[in-house]
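Notes follow once the structure below has been shown.
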Amino acid sequence: GQFPAWLQGTLLRNGPGMHTIGDTKYNHWFDGLALLHSFTFKNGEVYYRSKYLRSDTYNCNIEANRIVVSEFGTMAYPDPCKNIFSKAFTYLSHTIPEFTDNCLINIMKTGDDFYVTSETNFIRKINPQTLETLEKVDYSKYLAVNLATSHPHYDSAGNILNMGTSIVEKGRTKYVIFKIPPSVPEKEKKKSCFKHLEVVCSIPSRSLLHPSYYHSFGMTENYIVFVEQPFKLDIVKLATAYFRGVNWASCLSFHKDDKTWFHFVDKKTKKEVSTKFYADALVLFHHINAYEEDGHIVFDIIAYKDNSLYDMFYLKNLVKDFEEKNKLTSRPTCKRFVVPLQYDKDVEVGSNLVRLPSTATAVKEKDGSIYCQPEILCEGIELPRINYDYNGKKYKYVFATGVQWSPVPTKIVKFNTQTKEMLHWGEDHCWPSEPVFVPSPDAKEEDDGIVLTCVVMSDPKQAPFLLILDAKTFKELGRARVDVDMHLDLHGIFIPEKDLKTGTE
């Protein structure tokens, strides 16, 4: 096929790549050492490159020829030959874990720089053209967080907004929303933009020792949307995991009888909306989008009834007939919550306060809190992406992978949130990755552009390929086959040529 002539730049992807080191194996697919790969589009041609992230974790493991750095689903132990004193010391030093810098989930743009991210306090700068690993940044040097999300947001001024969890700092556990500026003042050119990082707001966790796990959050023009779900991390278990001989993932549990709480932080006043909004228990990894309309906040998420998704990816479950054998006990469901920020405070208990045309409800309870139930938009989609120019605004289209009861994607879909119409691309033996939307240079409409996805083949005789779809019609424009072992990855970013530094760098 043909690629559009205007497509110039690099699609950069990140995900777990190496799962065996020497005689040792990771327990979980999400633990594998980060492998970056890129497709560069130049004058109608495509160049492929891949490289392992040379993190401290990677270097220590490779040097020892075994897993010596713990990951979320795999606890690593020091050499048993070491003497008893160093062993006791190692146990003690693990109480608040020294997390890994194996940043295998996503890629974040900070000014002109690019960083790979995971969910710990470490991020790594990379060169997006050579995929070389550059310096390591520790968020905890700039603010008190032990964990941070790998899905930041960008505002119109280019600031990055992100969230992290501060575990039992000064006797409190809280969620911290922070902002990183895109650049530093001219006279401080040598300093990093992280030195100018500022805390927007912190939200106390409902429980000191059981903070909520979260993978992403939402943002509208004026608000940050944070969902505090009853999928929780047990800090006491986390601190003792090492000498109990269990992994950190076992410290996460879903409390199905608890509520899910919604928090809305006003970006201008940096204060949280005081009304208590809640919903039934759910597990959520990905927010799709959020926007304000007529005194309401509307936010769309992909939610589950339990946390079976994480358990699917233990490597012991990833067997030959994985697709047939492993069924999710809860299908991903695209839910729209409509939350009335402005309403008549004297309204009767039991009234639905939603004034927008939607089946979502928000009902006033006796104690003044508001119980929200969602509108179900569709089922069976995951890894959602939108045209990011519409982030925080009223929008129509979601591009996502299609998943049924198996967590492995078999299709790429385009879903219209307004008409509920769905377009698909899929072929036998094809496992596509998260679709990335790239707007065309003269775009007038939300879906003017293309969708890029890497497709891995479940049939080892067939080569993987990069697929380009017309975002409007979902018709295939072209594919570029790559004769390498390509892995299923997690998330990626398209960097237009103008944003790639040129010259000697």
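Can you give me the ranges of the strands (runs of 3 or more DSSP E) entirely in the stretch 192-292 with at least 3 residues that are under 23 Å from V168 (Cα atoms)?
Correct list: 198-204, 223-228, 231-233, 252-254, 260-266.
Given the structure, is H215 at pLDDT 90 or above and more than 16 Å from the chain's Cα centre (by Cα)?
Criteria not met by H215.
Across the stretch 36-45, what is the number of residues that are modelled with pLDDT of 95 or more and open to solvent by 20 Å² or more (accessible area, probe 1.4 Å)?
The qualifying residues number 1.
So, M457, is that one within 25 Å of H37 (Cα to Cα) and open to solvent by 20 Å² or more (accessible area, probe 1.4 Å) or not?
yes
Give the stretch 98-132 a look and list any residue that's over 19 Å from the mean Cα position of the chain (by Cα), open to solvent by less than 30 Å² (accessible area, probe 1.4 Å) and not aliphatic (A, V, I, L, M), or say none.
G111, N127, P128
Return yes or no: is A88 out of contact with any strand residue (DSSP E or B) (no Cβ under 7 Å at 6 or more places or on another chain), open to solvent by less than 40 Å² (accessible area, probe 1.4 Å) and either modelled with pLDDT under 90 or in a strand (DSSP E or B) (or both)?
The answer is no for A88.
Can you tell me which residue is surrounded by the fewest Cβ atoms within 10 Å (Cβ to Cβ) among those in the stretch 153-188 that are of a type in the set (S, T, Y) and in contact with a Phe, Trp or Tyr (Cβ under 9 Å, 6 or more places away or on another chain)?
That would be Y154.
From the list Y343, Y291, which residue is in contact with a Leu (Cβ under 7 Å, 6 or more places away or on another chain) and either within 25 Å of T149 (Cβ to Cβ) or modelled with pLDDT under 95 (or both)?
Y343
Among the numbered conditions (1) within 16 Å of V413 (Cα to Cα); (2) among the polar types (S, T, N, Q); (3) outside any strand (DSSP E or B), tell me where T453 comes up short.
(3)
For the stretch 181-201, state whether one or more residues are small (G, A, S) and under 22 Å from F99 (Cα atoms).
no
Which residues, taken from the stretch 401-431, are in contact (Cβ under 8 Å) with a residue 40 or more places away in the chain and among the aliphatic types (A, V, I, L, M)?
Answer for the stretch 401-431, where residues must be in contact (Cβ under 8 Å) with a residue 40 or more places away in the chain and among the aliphatic types (A, V, I, L, M): V403, V408, I412, M422, L423.
Six or more apart or on different chains, Cβ atoms under 7 Å: show the pairs whose first residue is in the stretch 168-186 and in a strand (DSSP E or B) and whose second is acidic (D, E).
Partner pairs satisfying both residue conditions: F178/E198; K179/E198.
Name the residue, out of I167, I177, that is of a type outside the set (F, W, Y) and within 27 Å of D306 (Cβ to Cβ).
Going through I167, I177 in turn, the sole match is I167.
Pick from the stretch 443-454 the residues that are touching a residue at least 60 places away in the same chain (Cβ under 8 Å) and farther than 16 Å from Y390 by Cα: which of them is surrounded by the most Cβ atoms within 10 Å (Cβ to Cβ)?
C454
Exactly one condition in (1) modelled with pLDDT of 95 or more; (2) open to solvent by 10 Å² or more (accessible area, probe 1.4 Å); (3) touching an Asp or Glu at 6+ places or on another chain (Cβ under 9 Å) is not met by T220; state its number.
For T220, the failing item is (2).
Residues being open to solvent by less than 30 Å² (accessible area, probe 1.4 Å), part of a loop (DSSP other than H, G, I, E, B) and among the charged types (D, E, K, R): count how many of those fall in the stretch 335-357.
Residues that pass the stated criteria total 0.
I'd like the full set of residues that are closer than 30 Å to D489 by Cα and free of Cβ contacts under 8 Å to residues at least 60 places away in the same chain, limited to the stretch 328-386.
T329, S330, T333, K335, I376, C378, E379, G380, R385
Determine whether the stretch 4-19 contains at least one residue that is open to solvent by 40 Å² or more (accessible area, probe 1.4 Å), within 21 Å of C103 (Cβ to Cβ) and in a loop (DSSP other than H, G, I, E, B).
no
For V484, are the conditions met, namely being of a type in the set (A, V, I, L, M, F, W, C) and in a loop (DSSP other than H, G, I, E, B)?
yes
Is at least one residue of the stretch 133-152 open to solvent by 60 Å² or more (accessible area, probe 1.4 Å), in contact (Cβ under 8 Å) with a residue 60 or more places away in the chain and not charged (D, E, K, R)?
no
The values are calculated or read from the model by the stated rules, or taken from the named source; none is laboratory data. Predicted model, so just to flag it, every value in this text is computed and none were measured. Positions of Cβ are generated from backbone atoms using ideal geometry, with glycine treated the same way; all protein chains shown enter the neighbour counts. All accessible areas refer to the heavy atoms of the entire protein, side chains included, with ligands and DNA or RNA removed. Shrake-Rupley method; radii C 1.70, N 1.55, O 1.52, S 1.80 Å.
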